[in-house]
Amino acid sequence: MTDQLFNESAGICVSTKPAWCSEKLWKTIKKSVKEGLHKVEFSFSRPEKKIFRKRKAIPVSQWVEKHRVLSMSALPGIWRNDVTPYLVGIMDAAALPFVHEINICATPQTGKTETGHNFVGYCIDRAPGPVMYIFPDEATGRENMDDRIIPMIQSSPRLRQHFTGKDRDKSSLRVRLQHMPIYIAWARSAARLANKPIRYAIADEIDKEGFSPGSSKEANPLDLIDKRFNTYRSIYKFFKISSPSLEDGNIWQALQGSDVLFDYHVKCPQCGARQLMQFENIKWDGGSKADRAAIKNKHLAWYECEHCGGRWDDDLRNQAVRAGLWMVQDQALTMDAYLSRFRPASIGFQIPAWLSYFVSLSECAASFLKGLDEGPMAMQDFCNGFKAEPYRPKIKTQEESEILAHRIDLPAGVVPKDTIALTAGIDVQQAGFWFMIKAWKKDLSSHRVQYGWVTTWEDINELIFNTRYPVENSKSSMGIWRAAIDTGGGAKGAEDDWSKTEEIYEWIRKNGRNVAFGIKGATHAQVKKVTPRVIDRMRRKNKPIPGGITLYFLDTAAFKEAFWWRMGRRFQDDDDGPTETQHITMHADTGMDYVRQILAEEKQRDRKTGKIKWVSVRADNHLLDCEVYSDACADPEWLPSLSSLVRRKKKKKHSGGGERNGFVNAWR
Ligand SMILES: [Zn+2]
């Protein structure tokens, strides 16, 4: 029993030196025992105490107000919950042991990304475990590590003590702290996602391109992440954070799959009534015709309390939000009550822009008015960026008679007055060409001047370069300013198609004259409606194209969407009001041949993928394609744009300058 240092009555028996015991202390203990003493007193050093002490548990929201320091922020300094009060409930709910998935569908500038950082900061201090951040692409990932995550740790005295002090432990792909790693991954990096056990995952901007599976064979990156939790199955946390896009987008799907959804209810500073803020209660004078720039710049919008009718300006709105709380969607039950009763594993939150301290009520109103004014793309920006809702495109097109109602009393081939430019869209077939010539006014309303079918390149040359189209009630005439010709190309490698494409390239290079351009429909949705790309080789045989050729890739689905939206605009003054911008009119001779082709495609929801797409319901849709191509010519994204030419024209008028292209020519 020589190693038995303490007898049982003394409480602790140890026979060999425990790891925590220093050599010096061990000697003291042995000496004391030899001298017949059974009690040794010692104390822990400060760092030892720090490690052994049982710290009082505090909610994440309280932790951040003590230890989270913002460096890159509109409001730098220690984190303040009163700036984004709605994040308090989310952070605290996320920390509950039974909650594993936190889905946050929020607009920009609501602090949604900071929620993830706050939680990771808390975990570094209080509940360590491997963290993986997943971004849409590598560049965004590295940027976030360098500009957000490392500075977050560095700026907090509580967190930075966990750095190892070695440079190699601090890269833009991985930070190794003393007690846990933080990894960066991106949606397409299946390899990075596949081999590391993680306890915390923060997937940010999951509706951005990188996160959508590239093909039906590929797994959704979010499902790959889910497999990483196996080691930590009972204690993992998975944050999915994003602005929404469409209904089939990742964040909306995640939200709908949550066990429970919460809405943030604010409290009226005037009458004290709790309510869910709705866009319909943001008010301004002038309705849909109001000047949106003035509303935004002069802060002319306000919120109307649905109980007392009181007006909130942005300050009162902020007060209302500070006094708010999360409620179960469509139920009179607070989040706290629900959580303790039902212990859900996955929870979802929606944060519209009007809750944000950083977004004025007037900005919300202005974005909505822009959507009314500019069409589907702008309306999607409003839905996604302010309402925190997916954009739901309208599927309805028009009846035959409704389409023909757009005819006005102007014969084919005549240009309406106030036209600033003519565009042409040409669809190429083996036997000839479909074409559409359109007149544009400054407000982007358009008139179909002429459409039809010709058979030879000479006809096309005549149509685009040599014809002057007379302007109504005047002696002047106009030529085509810009023409877009479909380059088609190699569908399933058909030899005929490729030789046609080469023929078209050749014609554009020889005859284009900065008026006629090649276009190509993009097969998947693009970020922009019009994307120019220089092609310097033929895809077939890799044959070089001398000097290269600029092709304009078009998001044809977006253009079709915009076309039908424009068809719904008021094109003549009537009891409901005056004509609207971007309306559509047609020449008097427009007939059923046009209507049938326009209605040859219908918007449908794909049963398998749930995605909305345009499907041919009749064989000939060429004039609809011509509509798209001629619209693309006048789209603000095709530079130089129509509006820049209006500005240039004004300048020229002053300086009396000469003419350079069809547009200025046409203007005289
Ligand atoms: Zn009120």
Sorting Asp418, Asp330 on solvent-accessible surface, 1.4 Å probe, most exposed first, gives Asp330, Asp418
Between Gln331 and Asn81, the two model label points (7 Å from Cα along the beta-carbon direction) sit apart by a distance in nm of 2.4
Computed over the chain, the relative contact order (Cα-Cα under 8 Å, seq sep at least six) in percent reads 11
Two pseudo-spin positions, 7 Å from Cα along C-beta at Ala191 and at Val527, lie apart in nanometres by 2.5
In nanometres, the difference between 0.36 nm per residue of separation and the alpha-carbon distance of Ala219 and Glu637 is 147.1 nm
Here, GluC sites (Glu not before Pro) of the range 187-268 satisfying both criteria (DSSP loop; at most 14 other Cβ within 10 Å) are Glu218
Given a Förster distance of 41 Å, the FRET efficiency implied by the Cβ-Cβ spacing of Ala378 and Arg233, rounded to the nearest 0.05, works out to 0.40
Counting only protein heavy atoms with a 1.4 Å probe and every protein chain in place, the carbon and sulfur fraction of the accessible surface of the chain in whole percent equals 50
Low-density loop chymotrypsin sites (Phe, Trp or Tyr not before Pro), the range 72-168, at most 14 other Cβ within 10 Å, DSSP non-H/G/I/E/B, are Phe98
With a ≥ b ≥ c from the Cα gyration tensor eigenvalues, square-rooted, and the rule rounded for a/c under 1.5, otherwise prolate when a/b > b/c and oblate otherwise, the chain is prolate
Computed from the beta carbon distance with a Förster radius of 30 Å, FRET efficiency for Ser22 and Ile58 to the nearest 0.05 stands at 0.40
For the range 347-425 the mean separation of alpha carbon contacts under 8 Å (6+ apart) over residue count, i.e. relative contact order in percent, is 20
When the charge dipole of the chain is computed with +1 at the Cβ of Lys and Arg and -1 at the Cβ of Asp and Glu, the Cα pointing farthest to the positive end, of Val595, Ile485, Gln429, is that of Ile485
For the chain, whose charge dipole is built from +1 on Lys and Arg Cβ atoms and -1 on Asp and Glu Cβ atoms, the candidate among Ser245, Tyr264, His67 with its Cα farthest towards the positive end is His67
Projected onto the charge dipole of the chain (unit charges on the beta-carbon of Lys, Arg, Asp and Glu, signs +1, +1, -1, -1), the Cα from Gly413, Pro636, Gln319 with the largest positive-side position is that of Gln319
For the chain, the dipole about the Cα centre with charges only on Cβ (Lys and Arg +1, Asp and Glu -1), to the nearest 20 debye, works out at 3480
What helix-only [θ] at 222 nm does the chain give? Using -39500 (n - 2.57) per DSSP H run of at least 4, over all residues, to the nearest 500, the answer is -9000 deg cm²/dmol
In the range 98-199, the trypsin sites (Lys or Arg not before Pro) that sit in a DSSP loop and have at most 10 other Cβ atoms within 10 Å of their own Cβ are Lys166
Whole-number value, in Å³ per residue, for the convex hull of the alpha carbons of the range 130-232 is 97
Of the range 417-450, those with amide N under 15 Å from the point 7 Å along the Cα→Cβ vector of Ser644 are none
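The values are calculated or read from the model by the stated rules, or taken from the named source; none is laboratory data. As the structure is a computational prediction, the values presented were derived from the model and not from experiment. Cβ coordinates were reconstructed from backbone atoms using ideal geometry, including for glycine residues, and neighbour counts include every protein chain displayed. We work out accessible area using only protein heavy atoms, side chains counted, and drop any ligands, DNA or RNA first. Shrake-Rupley method; radii C 1.70, N 1.55, O 1.52, S 1.80 Å.
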